[in-house]
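The values are calculated or read from the model by the stated rules, or taken from the named source; none is laboratory data. All values reported here derive from a predicted model rather than from experimental measurement. Neighbour counts are summed over all protein chains in view; Cβ atoms, including those assigned to glycine, are modelled from backbone coordinates with ideal geometry. Heads up: the accessible areas ignore ligands, DNA and RNA and are worked out on the full protein's heavy atoms, side chains in. Shrake-Rupley method; radii C 1.70, N 1.55, O 1.52, S 1.80 Å.
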Amino acid sequence: MTPRVGLLVGREWSWPPAFLEEVGRRDAGVTAGYVKLGGTRIDEPCPYAVLIDRISHEVPYYRSYLKNAVLQGATVINNPFMWTADDKFFEGTLAAKLGIAHPRTLVLPNHSYVPGIVPTESLRNLVYPLDWDGIVAYVGLPCVLKDAHGGGWKNVSICHSRDELIQNYNESGLLTMIVQEFIQWQLYVRCLCIGQEEVLPMNYDPNQRRYFVEHDHLGTELGRRIVEDSRKLVRALGYDMNSVEWAVRDGVPYAIDFMNPAPDMDVNSLTPHYFDWAVRHMADLAIRLAKNPRPQVQEMRWNTFF
């Protein structure tokens, strides 16, 4: 039976068809197509050897389906159990445990809660009011306030004063927020990481949200450290498709954000040069895993990395 690769996608129109065309062009004995779902039964067999997930963080039903698929023996990129458990504060702690430079970070209690939470009864374990002076003393100013589970630069604020930090926190609603030291960078690098091995460091300007095709933007030693540390992070997380962002200050790369299990792979942002790299390496990965299955049931052994 020919191994099948299934693709779960949302509102992206360049990478998915290019990927499917690339897999078909290889004629490697593997087929690829879009997954079609209409309700999933318990213990339902999965017809796919590999599933590539680009959208389950926004469509919860897909996440439930993918967990079932793992139990049926499919390889899911990325592992839905790890993606469900992940958040930016955990990742910061993981980076620290791995000896990777990371900005000072603090996770905050939620500002608001769902109906049924009575603050005087339900929140007896929380200290109130928060020690904002202590928080600012720890992370410094300016600082970054952002959603611990977010992405795509949503719900991110650069705060230049204690009052601005409190104001933005008061507007965060039900979100769990982290506050983080702002790294005044001289160079910013976004690495696209495929298969826990291939790492593409790209010169990126987060202010312009723009990539620059420059092949010599990193020196030998800095480039080696960024690539090696990116591999450490994605291997510890078990992510086969991720991007890792580095802010370089005084020659030291700080891991700023690496919870990107559905990284940007659009041709209009990546540029055609980097887009082609993403298409080719994702096709390599999907074909390899389809032919040589890698069961994920026993993954997520972080202790082996410490």
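On the basis of being open to solvent by less than 30 Å² (accessible area, probe 1.4 Å) and within 16 Å of residue 19 (Cβ to Cβ), does residue 241 make the cut? Give the steps one after another, and end with the answer.
On the way: open to solvent by less than 30 Å² (accessible area, probe 1.4 Å): yes; within 16 Å of residue 19 (Cβ to Cβ): yes.
Against the criterion (open to solvent by less than 30 Å² (accessible area, probe 1.4 Å) and within 16 Å of residue 19 (Cβ to Cβ)), residue 241 qualifies.
Examine the range 185-206 for a residue that is hydroxyl-bearing (Ser, Thr, Tyr) and open to solvent by 30 Å² or more (accessible area, probe 1.4 Å), and state whether such a residue exists.
No: the range 185-206 contains no residue that is hydroxyl-bearing (Ser, Thr, Tyr) and open to solvent by 30 Å² or more (accessible area, probe 1.4 Å).
Restricting the first residue to the range 1-15 and requiring it to be touching a residue at least 12 places away in the same chain (Cβ under 8 Å), which pairs with a second residue that is part of a loop (DSSP other than H, G, I, E, B) and open to solvent by 70 Å² or more (accessible area, probe 1.4 Å) meet a Cβ separation below 8 Å and a spacing of at least six or different chains?
Note: pairs meeting the criteria are 10/58.
Answer yes or no: is there a residue in the range 39-53 that is closer than 23 Å to residue 147 by Cβ and in contact with a Phe, Trp or Tyr (Cβ under 8 Å, 6 or more places away or on another chain). Can you show your working first?
Our first condition is that a residue be closer than 23 Å to residue 147 by Cβ; within the range 39-53, this holds for 53.
Narrowing further to those that are in contact with a Phe, Trp or Tyr (Cβ under 8 Å, 6 or more places away or on another chain): 53.
Checked against the condition, which is being closer than 23 Å to residue 147 by Cβ and in contact with a Phe, Trp or Tyr (Cβ under 8 Å, 6 or more places away or on another chain), the range 39-53 yields at least one hit.
Looking only at the range 84-117, count every residue that is in contact with a His (Cβ under 7 Å, 6 or more places away or on another chain) and open to solvent by less than 60 Å² (accessible area, probe 1.4 Å) and tell me the total.
So in the range 84-117, the residues in contact with a His (Cβ under 7 Å, 6 or more places away or on another chain) come out as 87, 92, 95-96.
Filter once more, so that each one left must be open to solvent by less than 60 Å² (accessible area, probe 1.4 Å): 87, 92, 95.
Residues that pass the stated criteria total 3.
Taking the range 193-208 as the search range and keeping residues that are in a strand (DSSP E or B) and in contact (Cβ under 8 Å) with a residue 24 or more places away in the chain, which one is nearest to residue 289 (Cα to Cα)?
Initially, the range 193-208 is screened for residues in a strand (DSSP E or B), giving 193-194, 198-205.
Add one more test, that the residue is in contact (Cβ under 8 Å) with a residue 24 or more places away in the chain, and what stays is 193-194, 198-202, 204.
Working: 193: 16, 194: 12, 198: 15, 199: 18, 200: 20, 201: 24, 202: 26, 204: 30 Å.
Here the answer is 194.
Of all residues in the range 244-295, count the ones that are within 22 Å of residue 220 (Cβ to Cβ) and either open to solvent by less than 30 Å² (accessible area, probe 1.4 Å) or touching a Phe, Trp or Tyr at 6+ places or on another chain (Cβ under 6 Å) (or both). Reasoning before the result, please.
Restricting attention to the range 244-295, the residues satisfying the condition of being within 22 Å of residue 220 (Cβ to Cβ) are 244-255, 273-274, 277.
Going one step further and asking which of them are either open to solvent by less than 30 Å² (accessible area, probe 1.4 Å) or touching a Phe, Trp or Tyr at 6+ places or on another chain (Cβ under 6 Å) (or both), we end up with 244-249, 253, 255, 274.
The number of residues fulfilling the criteria is 9.
Is it fair to say residue 120 is under 18 Å from residue 89 (Cβ atoms) and either polar (S, T, N, Q) or surrounded by 13 or more Cβ atoms within 10 Å (Cβ to Cβ) (or both)?
Numbers: under 18 Å from residue 89 (Cβ atoms): no; either polar (S, T, N, Q) or surrounded by 13 or more Cβ atoms within 10 Å (Cβ to Cβ) (or both): yes.
Criteria not met by residue 120.
In the list 69, 32, 49, 28, which residue meets the criterion of being of a type in the set (Gly, Ala, Ser) and either open to solvent by less than 20 Å² (accessible area, probe 1.4 Å) or without any contact (Cβ under 8 Å) to a residue 24 or more places away in the chain (or both)? So that I can check it myself, show each step before the final result.
Numbers: 32 fails: either open to solvent by less than 20 Å² (accessible area, probe 1.4 Å) or without any contact (Cβ under 8 Å) to a residue 24 or more places away in the chain (or both); 49 fails: either open to solvent by less than 20 Å² (accessible area, probe 1.4 Å) or without any contact (Cβ under 8 Å) to a residue 24 or more places away in the chain (or both); 28 fails: either open to solvent by less than 20 Å² (accessible area, probe 1.4 Å) or without any contact (Cβ under 8 Å) to a residue 24 or more places away in the chain (or both).
On inspection, the qualifying residue turns out to be 69.
Would you mind stating whether residue 181 is of a type in the set (D, E, K, R), over 30 Å from residue 54 (Cβ atoms) and under 23 Å from the mean Cα position of the chain (by Cα)? Can you show your working first?
Numbers: of a type in the set (D, E, K, R): yes; over 30 Å from residue 54 (Cβ atoms): yes; under 23 Å from the mean Cα position of the chain (by Cα): yes.
Against the criterion (of a type in the set (D, E, K, R), over 30 Å from residue 54 (Cβ atoms) and under 23 Å from the mean Cα position of the chain (by Cα)), residue 181 qualifies.
Would you confirm, using the coordinates I've provided, whether residue 58 is among the acidic types (Asp, Glu) and open to solvent by less than 30 Å² (accessible area, probe 1.4 Å)? Don't jump to the end; show me each part of the working.
Values: among the acidic types (Asp, Glu): yes; open to solvent by less than 30 Å² (accessible area, probe 1.4 Å): no.
Answer is no for this residue.
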